[in-house]
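Below is one structure, written out as structure tokens; comments come after it.
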Amino acid sequence: MKLDNPTMDPIATAGRSCPLHYRYRAEVFQQAPPAHLKNLDVLYVVGGLYGNDIALAQILRLFALEKGRKQLVFNGDFHWFDADPHRFALVQQEVLAHTAIRGNVETELADPEPQSGAGCGCAYPEWVGDAVVERSNRILQRLRSAITSHQRQALADLPMWLTAEVGDSRIGIVHGDAQSLAGWSFAQEHLNDLQQRDQIRDWFRRADVDAFASSHTCLPVFQRLKLEGPRPNAWIFNNGAAGMPNFWADPAGLVTRIALSPCHNGSSRAGIVHQKLHVDALAIEVDSAAVREAFLAQWPAGTDAYASYFERIIHGPNYHPHQVIRLED
């Protein structure tokens, strides 16, 4: 059983430990992007869809309206609430028709006999309560009943990270952070810490990118960091969740839109201009009643996902659009 500390109890660390096979070096982002992710005019980065097929349909509709050379990248955890095998298959088919990387959910689902002791693979930090961690581990276990061997292999074949070019800017696409598929260094909580930002500056130097696009941590944040050298500024673009509300009293999910043109459809909840890039937390407006109905059909009262997520689905988290953009002086 592969654990960070072999003396640790795998039951106690499941959902909190970060397996070694989740990890990579920041230098991997120096590689050239694949051909289909070069010279883009528009890039959508969709993290945390969480099996919400209603949000997925809206994302695809918005993306179809974009002009120019464009790509849509799902950066992990596109499965989660889709415990119904039909919904699971629908989400996977639509997602894999585009470009995708694995999140911790897909990585754990891809292993037919998981031996890492990772549980759900979330690598939750200390501020997340034990009850939440235990419920997430059980949600992952239930999802295993929805997947086929063919679907499992398709997830196993996905990469853990990618690079892309929008205009002349290089973007590192991750699920977690610059060193781990389930890393939390790009969480809005951690980005308040100067020491953490200093570590991230070192990753930017080693990665040779202008920005990282991430998700995993469930709340959106666009953080600017000051650097020395040819890139005086770098950005982290964390979209929070595409398939759940991100703000209080706002049912919309969010995706990160990185483009050479402004967002004109009025759906930006927060946005910045960096060099030639227009970057927005693009709102995914959905029929909230339909989303609730679909969720409850799979996770009624008394289930683990209901206990962990239903209040957020109904009301949104205690978080607001003005909190998204963070600028270092």
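Picking from residues in region 101-130 that are in contact with a helix residue (DSSP H, G or I) (Cβ under 8 Å, 6 or more places away or on another chain) and aliphatic (A, V, I, L, M), the one that is farthest from residue 149 (Cα to Cα) is 123. For region 17-44, give me each residue that is in contact (Cβ under 8 Å) with a residue 24 or more places away in the chain and more than 26 Å from residue 254 (Cβ to Cβ). Selection gives 17, 19, 21, 23, 25, 27, 28, 30, 31, 32.
Would you confirm whether any residue within region 302-317 is charged (D, E, K, R), under 21 Å from residue 175 (Cβ atoms) and in contact (Cβ under 8 Å) with a residue 60 or more places away in the chain? Yes, there is a match, as at least one residue in region 302-317 is charged (D, E, K, R), under 21 Å from residue 175 (Cβ atoms) and in contact (Cβ under 8 Å) with a residue 60 or more places away in the chain.
I'm checking my understanding of the structure. Among residues of region 262-321 that are basic (Lys, Arg) and within 21 Å of the chain's Cα centre (by Cα), which one is nearest to residue 232 (Cα to Cα)? It would help to see each step written out before you state the result.
As a first pass, look at region 262-321 and keep what is basic (Lys, Arg): 269, 276, 292, 312.
Add one more test, that the residue is within 21 Å of the chain's Cα centre (by Cα), and what stays is 269, 312.
Details: 269: 26, 312: 37 Å.
Result: 269.
Figure legend. Inter-residue proximity from region 288-301: first residues over 15 Å from residue 86 (Cβ atoms), second residues among the polar types (S, T, N, Q) and modelled with pLDDT of 95 or more, beta-carbon distance below 7 Å, spacing 6+ or different chains. Indicated pairs: 291/52.
In region 260-272, what residues are out of contact with any Phe, Trp or Tyr (no Cβ under 9 Å at 6 or more places or on another chain) and within 17 Å of residue 45 (Cα to Cα)?
260, 261, 262, 263, 267, 268, listed by residue number.
Residue 238 passes every criterion in (1) farther than 28 Å from residue 308 by Cβ; (2) at pLDDT 95 or above; (3) of a type in the set (S, T, N, Q) apart from (1). When 152, 138, 142 are checked against the criterion of being in contact with a Pro (Cβ under 7 Å, 6 or more places away or on another chain), surrounded by fewer than 20 Cβ atoms within 10 Å (Cβ to Cβ) and either among the hydroxyl-bearing types (Ser, Thr, Tyr) or over 30 Å from residue 275 (Cα atoms) (or both), 152 stands alone in meeting it. Filtered by the rule that a residue be closer than 21 Å to residue 265 by Cβ, in a loop (DSSP other than H, G, I, E, B) and not acidic (Asp, Glu), region 275-315 gives 276, 286. In the set (1) closer than 26 Å to residue 314 by Cα; (2) in contact (Cβ under 8 Å) with a residue 24 or more places away in the chain; (3) surrounded by fewer than 24 Cβ atoms within 10 Å (Cβ to Cβ), residue 268 fails one condition alone, (2). Here residue 152 fits the description: at pLDDT 95 or above, assigned to a helix (DSSP H, G or I) and among the basic types (Lys, Arg). Among the residues of region 134-149, just one is outside any helix (DSSP H, G or I) and either at pLDDT below 95 or hydroxyl-bearing (Ser, Thr, Tyr) (or both), namely 148.
Every test in (1) of a type in the set (Val, Ile, Thr); (2) surrounded by fewer than 24 Cβ atoms within 10 Å (Cβ to Cβ); (3) touching a strand residue (DSSP E or B) at 6+ places or on another chain (Cβ under 8 Å) is passed by residue 54 save one, and that test is (3). Filter region 155-167 for residues that are surrounded by fewer than 20 Cβ atoms within 10 Å (Cβ to Cβ) and either at pLDDT below 95 or more than 18 Å from residue 33 (Cα to Cα) (or both) and give the result. Across region 155-167, the qualifying residue is only 156.
Quick grid of which residues meet (1) out of contact with any Lys or Arg (no Cβ under 8 Å at 6 or more places or on another chain); (2) modelled with pLDDT of 95 or more; (3) closer than 23 Å to residue 49 by Cα:
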{"position": "181", "(1), (2), (3)": "no, yes, yes"}
{"position": "184", "(1), (2), (3)": "yes, yes, yes"}
{"position": "203", "(1), (2), (3)": "yes, yes, no"}
{"position": "206", "(1), (2), (3)": "no, yes, no"}
{"position": "210", "(1), (2), (3)": "no, yes, no"}
{"position": "214", "(1), (2), (3)": "yes, yes, yes"}
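The values are calculated or read from the model by the stated rules, or taken from the named source; none is laboratory data. Being a predicted model, the structure only gives us computed values, none of them experimental. Virtual Cβ from ideal backbone geometry, glycine too; neighbours counted across all protein chains shown.
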